[in-house]
Amino acid sequence: MGLLPLLAEPRPSFDHAREVPLRGADLRLWPRGFRLPRHGTGDHRGRQLWSGDGQPQSVYELSQIEGRPGIAGEIERDFGFKPDFENAKYQLEKGDGAGNTFKATAKPVLIGTAVVGATTMVFGIIILLENLFCQVIPKLSIVQPEIILGLIMGGSVIYWFTGASCQAVVTGAYRAVVYIKENMKLDASTASDKDSKEVVRICTEYAQKGMWNIFIVVFCFSLALPFFNAYFFIGYLIGIAFFGLFQAIFMANAGGAWDNAKKIVEVELRQKGTDLHAATVVGDTVGDPFKDTSSVAMNPVIKFTTLFGLLAVEIAVTMKDQGVKNIIGGVFFLIALVFVYRSFYAMRIPAEAKA
């Protein structure tokens, strides 16, 4: 793997690439003298260069290779071609657009595996109830109120989850931007180690807060609902899987479209810095949480819901006292509602901060 092929005009084959020392990397992500490793030969290294979501771009920008004194002459002397830095950045932008498309295509497949697992779990619950009570299938009709309410409840949880996860991302990003504006010199060539670690800490803190809110809600709903009514919970699981699959497809494709709209303006239209570009950047702030956060995270939500639910149903159907079951379900349900509230109102950007 190497960045040199992107700098060439005309571009050489990847077999001419060498290990490139990246000195003075911004944010101190690598020690001075860090070298990109070579993996394999020829086209294999070329394919690796385009893998990931913007990682080659990040490596290029963090290396600050353009700012090194005499770097153009050094590359021409040591590697036999004249570097074209603008073309390198252009090719990296094009590669990032292809990566967005690949991800938008692949992520719904990941959610599909979760739906297959959820379907298996649902049939496991149905067989369990059939063995215990018999004549279960007629009670699973779509006209049964328990099933209809369960489907609505499952869909509601999916839409709550997408909103809560996006809220956590937006709030964490806002807090990081506020810290950067107040504490970091944006005109400096490099960031201090302390400031870089603080930005990482802020982003990690809000990611963990959002994660805990979402996990506790999903966990408590999965434990609460089976204690109220097993058939209602079957409808809930079907709703989670059905709405989750199509919402994930929508969010992955919409997020990729938002992201690639910006790439079209940057790569095809060459209009960076214009009002059109500014509008697509705003759209990209929606697209990134869509495709990189909410859509792909539905995979564990669907899987954990069905797994916890299967265990809870087995416990609930063995208990005979419906009053005790209602109390247990009510306690878990109230806990879930508290964290649903926290997932939005405890993660909001304060009004005074916006002012």
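Taken together, 186, 223 contain a single residue that is in the same structural domain as residue 347 (by TED's automatic domain parsing) and either among the small types (Gly, Ala, Ser) or surrounded by fewer than 18 Cβ atoms within 10 Å (Cβ to Cβ) (or both), which is 186. Pairs, please: C-beta under 7 Å, at least 6 apart or cross-chain, first residue touching a residue at least 12 places away in the same chain (Cβ under 8 Å) and in segment 191-204, second of a type in the set (S, T, N, Q)? Matching pairs, first to second residue: 195/183.
Here residue 207 fulfils each of the conditions (1) assigned to a loop (DSSP other than H, G, I, E, B); (2) closer than 22 Å to residue 338 by Cβ apart from (1). For segment 106-135, a residue qualifies if it is in contact with a helix residue (DSSP H, G or I) (Cβ under 8 Å, 6 or more places away or on another chain) and within 22 Å of residue 55 (Cβ to Cβ), and the qualifying residues are 107, 110. Scan segment 98-120 and tell me whether some residue there is over 30 Å from residue 237 (Cβ atoms), surrounded by 14 or more Cβ atoms within 10 Å (Cβ to Cβ) and polar (S, T, N, Q). There is at least one residue in segment 98-120 that is over 30 Å from residue 237 (Cβ atoms), surrounded by 14 or more Cβ atoms within 10 Å (Cβ to Cβ) and polar (S, T, N, Q). Scanning segment 60-103 for residues that are outside any helix (DSSP H, G or I) and at negative phi gives 68, 69, 81, 82, 83, 84.
Yes or no: residue 243 crowded, with 17+ Cβ neighbours inside 10 Å and at pLDDT 90 or above? Before you say what the answer is, go through the steps one by one.
Working: crowded, with 17+ Cβ neighbours inside 10 Å: yes; at pLDDT 90 or above: yes.
Taking the combined requirement at face value, the residue satisfies it.
Residues that are buried (at least 21 other Cβ atoms within 10 Å of the Cβ) and small (Gly, Ala, Ser) were ranked within segment 246-270; the one that is farthest from residue 89 (Cα to Cα) is 248.
Is it true that some residue in segment 239-249 is assigned by TED's automatic domain parsing to the domain that holds residue 338, touching a residue at least 24 places away in the same chain (Cβ under 8 Å), of a type in the set (Val, Ile, Thr) and out of contact with any Cys (no Cβ under 7 Å at 6 or more places or on another chain)? The answer is yes, given that some residue of segment 239-249 is assigned by TED's automatic domain parsing to the domain that holds residue 338, touching a residue at least 24 places away in the same chain (Cβ under 8 Å), of a type in the set (Val, Ile, Thr) and out of contact with any Cys (no Cβ under 7 Å at 6 or more places or on another chain).
When 313, 301, 324, 340 are checked against the criterion of being assigned to a helix (DSSP H, G or I), hydrophobic (A, V, I, L, M, F, W, C), surrounded by 19 or more Cβ atoms within 10 Å (Cβ to Cβ) and over 21 Å from the mean Cα position of the chain (by Cα), 313 stands alone in meeting it. Residue 329 - would you say it is crowded, with 16+ Cβ neighbours inside 10 Å and farther than 16 Å from residue 171 by Cα? Criteria met by residue 329.
The values are calculated or read from the model by the stated rules, or taken from the named source; none is laboratory data. These numbers were taken from a predicted model, which means no experiment stands behind them. Reconstructed Cβ throughout: ideal geometry from the backbone, glycine too, with neighbour counts over all protein chains shown.
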